[in-house]
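See below for the structure under consideration.
The values are calculated or read from the model by the stated rules, or taken from the named source; none is laboratory data. On a predicted model such as this, the values are computed, not experimentally measured, just so you know. All Cβ positions, glycine included, derive from the backbone under ideal geometry; neighbour counts span all protein chains shown.
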């Protein structure tokens, strides 16, 4: 390794990343191959709550992988995790110091959404291969920069869309796209997952003293904390998260697009929804329908965070903390048990038995997947035609490609992760630019879109069962966005406002570099 790479420090990292990335793109490629061929592959995990725990567990099962470092902006989380690991594992609070280490071949990233792209780009520039959690970006623009970084620096970058590594789903997608049930009519995704209120605070809350809030905030504004919990509930704040569309929904929209075989963005996007049933510190929808207009067939994704019974709404409206903990525990885990999701004693809705998963309607039947790695095909009479079963191998696939450098073997290539993450962002942009309408006025506006009318009708029934009066707290009808898929920009009357939301003004020095 060149001397300047060996002596790379936190102080010089930001100044030298472009130079380091160019130099190490060549040297680190052979370095990783040597490590993979003659010794352990040296890996670091960044972000140790939630999915980070799953990363540690997955890596521990893979032969020839050695965990050498962990990183988290919360020292309490860092120290707790360290106690469960080998004493030789180093700890870092500042990611830049970890990336300057020359004895790390690859990193996995499981930090909040607003950090994903920046941290992954920095890792590419530092010559590391990357596994980055979903969504791979917080905005469409920065996702494209990550795609460019992977190509420019010759890095393996795997998106955390682990369903794509399940042999059962891979077989189901190929079988369906081969026409075994006829033409696809609609590709649906569902996230009917309990999301109780996160509570309503009266003012700024203290940041946990163990958290380096500057590093945790990264490119987002270092804003006052206006919610009870810093961790996890960042999902429901647009400054740092993307709501359930970008939390659980990235998986289901990725699968829905995969079945369609569509390689890019849709022609049009429209969202209906809102944060309904309670008022709290969150600002992302807990109830939402997003429709993406593709040439093959429409892609429809639905979010429901309220339970299926009116009685269940009582606990949610009160911000039942026990119910919230039950709902959030393992919320992004890889087991993917999508049928009959519950929060405490509150059952969730299902669509043809699916609570979290996908239903692909075809001329001759449908395919349903209620777990991450298996699916079942049915004929028009509802009789089972074929079953597909598999298991998770996503982290193993990442490690295999880091060793082989055969990019075509990557199951979750960053380009696919970027496109599916962008679908989440498009739905949210439509919602953020929309306005509340009465149920009748909203229904009139969408009357020409039969699939959306049907999904909206079921949403209204669901909200009625939860005693939500849409006359008093109306749902938001988003703007219809026309998309230039090649340019990844909007056209039409709302283009200026919508294009402004494709990116953000990053807070220095945490700035995603423009590479594309």
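Listed by first and then second residue, the pairs linking a residue in the range 265-285 that is under 14 Å from residue 302 (Cβ atoms) to a residue that is assigned to a loop (DSSP other than H, G, I, E, B) and at pLDDT below 95, with Cβ atoms under 9 Å apart and 6 or more places separating them unless they lie on different chains, are 276/466.
Answer yes or no: is there a residue in the range 192-199 that is touching a helix residue (DSSP H, G or I) at 6+ places or on another chain (Cβ under 9 Å), touching a residue at least 40 places away in the same chain (Cβ under 8 Å) and surrounded by fewer than 22 Cβ atoms within 10 Å (Cβ to Cβ). Checking the range 192-199: at least one residue is touching a helix residue (DSSP H, G or I) at 6+ places or on another chain (Cβ under 9 Å), touching a residue at least 40 places away in the same chain (Cβ under 8 Å) and surrounded by fewer than 22 Cβ atoms within 10 Å (Cβ to Cβ). So which of 390, 471 is without any contact (Cβ under 8 Å) to a residue 60 or more places away in the chain, in a loop (DSSP other than H, G, I, E, B) and in contact with a helix residue (DSSP H, G or I) (Cβ under 9 Å, 6 or more places away or on another chain)? Of the residues listed, the single one that is without any contact (Cβ under 8 Å) to a residue 60 or more places away in the chain, in a loop (DSSP other than H, G, I, E, B) and in contact with a helix residue (DSSP H, G or I) (Cβ under 9 Å, 6 or more places away or on another chain) is 471.
When each of 422, 408, 441 is tested for being assigned to a helix (DSSP H, G or I) and within 26 Å of residue 63 (Cβ to Cβ), the lone residue that passes is 408. Applying the set (1) more than 22 Å from residue 297 (Cα to Cα); (2) within 19 Å of the chain's Cα centre (by Cα); (3) modelled with pLDDT of 70 or more to residue 383 leaves exactly one unmet item: (2). For the range 494-516, taking the residues that are out of contact with any strand residue (DSSP E or B) (no Cβ under 9 Å at 6 or more places or on another chain) and without any contact (Cβ under 8 Å) to a residue 12 or more places away in the chain, the one that is surrounded by the most Cβ atoms within 10 Å (Cβ to Cβ) is identified as 500. Per the conditions (1) assigned to a helix (DSSP H, G or I); (2) without any contact (Cβ under 8 Å) to a residue 40 or more places away in the chain, the sole criterion not satisfied by residue 378 is (1).
Being touching a strand residue (DSSP E or B) at 6+ places or on another chain (Cβ under 7 Å) and buried (at least 19 other Cβ atoms within 10 Å of the Cβ) is the filter here; which residues of the range 484-493 pass it? The one that is touching a strand residue (DSSP E or B) at 6+ places or on another chain (Cβ under 7 Å) and buried (at least 19 other Cβ atoms within 10 Å of the Cβ): 490. Starting from residues that are over 19 Å from the mean Cα position of the chain (by Cα) and more than 21 Å from residue 196 (Cα to Cα), keep the ones in the range 263-296 and report whichever is surrounded by the fewest Cβ atoms within 10 Å (Cβ to Cβ). Ranking the candidates gives 295 first. Here the range 463-483 is the region considered, the condition is being within 25 Å of the chain's Cα centre (by Cα) and surrounded by 21 or more Cβ atoms within 10 Å (Cβ to Cβ), and the residue that is farthest from residue 432 (Cα to Cα) is 483.
Limited to the range 103-120, what total is found for residues that are under 22 Å from residue 411 (Cα atoms) and touching a strand residue (DSSP E or B) at 6+ places or on another chain (Cβ under 9 Å)? Here the count works out to 11.
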